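The values are calculated or read from the model by the stated rules, or taken from the named source; none is laboratory data. Nothing here was measured: the structure is a model prediction, and the numbers come from that model. Reconstructed Cβ throughout: ideal geometry from the backbone, glycine too, with neighbour counts over all protein chains shown.
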Amino acid sequence: MKNEESEILNRFGRDAGFRVPEGYFDDFNERMAAMLPEVEITEVDTKPTLWVRLRPYLYLAAMFAGVWCMMKVFNGFNQNISTEQRVSEVASGIYMENNADEFIMSGCASDYDIMTYEDSVMMDEEAR
Amino acid sequence: MATTQRTYDEAAVIEQLHHPSTARAAFGQVIAHYSSTLYWQIRRMVIDHDDANDVLQNTFLKAWTSIDNFRGDAKLSTWLYKIAINESITFINKKKAQNNVSLDDDDSFLVNTLESDEWFDGDETQRLLQQAIATLPEKQRLVFNMRYYDEMKYEDMSEILGTSTGALKASYHHAMKKIEAFFAEHD
């Protein structure tokens, strides 16, 4: 298309050859302004309302709130999975074995539990 | 004598257009700002200077009498262009009826008087180009004139003509091909 356009441009340029009488536009503007009829104009307040001015910021805030909610939901979903996993691990005793130190340090285990656990560790070492 | 050139502030003018006390003066500014641009757009459609003058007057009269309908949602230039194009097409259709030309025929009859037009000083090839443009369908003529002569962006044309930019590019391409074919036939 560029080639076709440049061919026509090279041949004719952008001047169509039309002319207007001298001072035509100045005369026209004056004549036209003078010939405008009386019309009833309804006063309109074209200044943007508070809502129009605040709208972009509110949309932006809503977008961030939406992203924050999605992240919350996503995290909650992940926590639910790990909690379920933990419950099943605790039930099967795997969790206690893997996280014994954590249990002891956090005070979740009673003295009896600690003693039993230490005994079982010693017995394991002796058996080895 | 020193003249003071008033700068045109479109936002301020639009604001003034909606107040009865300032509307008339503001519309005077609109006329002064857009008369030349709209005139050339109309002139390329109707070809004759006197016809273009009449259509331009009708365009501004229509814009003024329906100024209440302009709410500032679109650009003022877009709104004025739309009115000018509608007025040009209405005028051409009326002229076709007066000259017993079918509405389905192209607008070549408009160029017939170009040779004797005192406000046309183009040479034979420029007259031939006008003849080629006049054979195009109305929409293609508009697109060609806006793009070729005014170098208007497709996005702006899209707003005025209510057509997608893709369709406008295709229209311009077809117009170019037809003009090329016209010259291949007439050279």
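Could you list, in sequence order, all residues of the range B:79-122 that are assigned to a loop (DSSP other than H, G, I, E, B) and in contact with a strand residue (DSSP E or B) (Cβ under 7 Å, 6 or more places away or on another chain)?
Once the filter is applied, which keeps residues that are assigned to a loop (DSSP other than H, G, I, E, B) and in contact with a strand residue (DSSP E or B) (Cβ under 7 Å, 6 or more places away or on another chain), the range B:79-122 yields only B:Trp119.
Of the residues that make up the range B:33-52, is at least one at pLDDT 95 or above and farther than 30 Å from B:Asn112 by Cα?
Looking for residues that are at pLDDT 95 or above and farther than 30 Å from B:Asn112 by Cα, one finds at least one in the range B:33-52, hence yes.
Have a look at B:Asn112, B:Asn86, B:Asn145, B:Asn99 and point out the one that is under 19 Å from B:Trp40 (Cβ atoms), surrounded by fewer than 16 Cβ atoms within 10 Å (Cβ to Cβ) and out of contact with any Leu (no Cβ under 9 Å at 6 or more places or on another chain).
None of the other options fit; the residue is B:Asn86.
Of these, B:Val46, B:Val13, B:Val30, which one is more than 25 Å from B:Tyr149 (Cα to Cα) and surrounded by 13 or more Cβ atoms within 10 Å (Cβ to Cβ)?
After ruling out the rest, the residue left standing is B:Val13.
Residues of the range B:142-173 being under 21 Å from A:Gly13 (Cβ atoms) and within 14 Å of chain A (Cβ to nearest Cβ), which ones?
Of everything in the range B:142-173, those that are under 21 Å from A:Gly13 (Cβ atoms) and within 14 Å of chain A (Cβ to nearest Cβ) turn out to be B:Val143, B:Phe144, B:Asn145, B:Met146, B:Arg147, B:Tyr148, B:Tyr149, B:Asp150, B:Glu151, B:Met152, B:Tyr172, B:His173.
Criterion first (more than 30 Å from B:Leu114 (Cα to Cα), in contact with a helix residue (DSSP H, G or I) (Cβ under 8 Å, 6 or more places away or on another chain) and facing chain A (nearest Cβ under 9 Å)) does B:Ile14 satisfy it?
Here the answer is yes, as B:Ile14 does meet what is asked.
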